[in-house]
Amino acid sequence: MSGRKLAVRLLERTEREKSYSNLLLDVALSQSALDEREKRLCASLYYGVIERKITLDAVIVHYSKQPLKKLDGIVRNILRLGIYQLLYSDQIPPRAAVHESVQLTKACRKASAAGFVNAVLRGFLRDKCRIPYPKDKRAAMAVAYAVPQWMLEKLISVYGESVAEAFLADALQPAPRYIRHNPTACTTAQLEQVLSGQITPVADLPGAYQFHGGDIRRLEAFQKGWFYVQDLASQYCALAVGAAPGETVLDLCAAPGGKTCTMAAGMAQTGRVFAFDLAPHRVQLIAKNIQRLGLRNVTAAQGDAAQFIPDYVGADRVLCDVPCSGWGVLRRKPEIKEKPPEAIQDLPKLQLTILENGAKYVRPGGVLQYSTCTILPEENEQVVRQFLQRHPSFALEPVCPAWGEPFTKGMVTLLPAYRGSDGFFIAKMRRRTDG
């Protein structure tokens, strides 16, 4: 099987199963016999098509005599793959992109559609691969940034056109990779020596590095637990909780465990971090991270963040990193664009329920922190304000004034413009000692 054929199969599965692209691809590549070059090609084309699907479909609609929705699913994804290569793959000659797409049609047992695929791609090529933009400005922007128009309009209404455009442009670029040093396993000097040339320290955030190397999981330092993968925004969030040695900390929606590990690693193997997640298989992800990093002060267990468990009352700090729409990580999970507007409607109610449940565990004087990987006010500021109205015993405090702006406020929204982080929201609250 070629990288292109595997990409088409994964695209078809992603549409059919509504799966997360990163999870589906990781499993497929780990089980594949493809060489590294073909695996890289597969990953590039697979993610590229998902990211640019709306743009690619605009081309298909313009050049195909058959309606998009009536096309066979495999043929539709072969066309997307071919158009993607013509538009965005500089290292693949145009004629090769067309030829390989026709051959792929035959390899996928769709030989009867080979002439159709050839005609659509060659028609696009003859027109010098010009994207057929709509005349309406906002509709044209939606095609250009490969985003549903309702999502574009929503972002513009919240952030204005220039910020929304910058965010969507970033979402079409490869996401930077960040790692965090595990202080319980090695020194920063040891890590920097072993990964010399592959990492760049993040200014003013000790232990954080941007990673520039290849396959992280194959590195001996990773296997020995010297570091773990964690986006910058997630690191800020976990560190802002302020977990100190000897304390009791709850992480109510913890999988895959990055924030849990950051909090626990800063506690010098003392105190206790209790990490919960609703799905048992996701609890296993937390457990694997804990084991690899050698963290002895963490307990991972299945648990519903919306259900109260009296045994954990009196915690020093509670983190509620709640389920959300995920708009802040659009560049990592482009399939989020496929979700309809109504998918957001019930989230604030669940988010508030989890936050109110988390508040029950916090001791007087303790910290309650709320976070999401979305940038929508109805899931962020509005949820926190509603919580504070209902619970006057809690009050906002600066997320982390030592970091300067924007962390001097009680509620912070991070966008990729801030050091290349994911889109993220953090709100920090403290319970009154008399409340």
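Of the solvent-accessible surface of the stretch 329-435, computed with a 1.4 Å probe over protein heavy atoms with every protein chain present, carbon and sulfur atoms account for 54 percent.
Descending by average beta-carbon neighbour count within 10 Å, the peptides 204-215, 101-112, 25-36 line up as 101-112, 204-215, 25-36, the highest first. Heavy atoms of the protein chains alone define the surface here; on that basis the chain has 45 Å² accessible area per residue at 1.4 Å probe size. When the C-alpha to C-alpha distance is required to be over 23 Å, the pairs from LYS5/LYS69; LYS65/LYS337; LYS224/LYS259 that qualify are LYS65/LYS337.
Rounded to the nearest Hz, the phi-derived 3J(HN,Hα) couplings of the stretch 201-214 under the Karplus curve 6.51 cos²θ - 1.76 cosθ + 1.60 (θ = phi - 60°) are x, 8, 4, 6, 9, x, x, 9, 9, 8, 9, 10, x, x, where x marks glycine and proline.
Within the listed set GLU405, GLU161, GLU379, the Gaussian network model of the chain (springs between alpha-carbon atoms below 10 Å) gives the highest mean-square fluctuation for GLU405.
The values are calculated or read from the model by the stated rules, or taken from the named source; none is laboratory data. Nothing here was measured: the structure is a model prediction, and the numbers come from that model. Backbone-built Cβ (ideal geometry, glycine too); neighbour counts: all protein chains shown. Note: accessible area is taken over every heavy atom of the protein model, side chains too, but ligands, DNA and RNA are not part of it. Shrake-Rupley method; radii C 1.70, N 1.55, O 1.52, S 1.80 Å.
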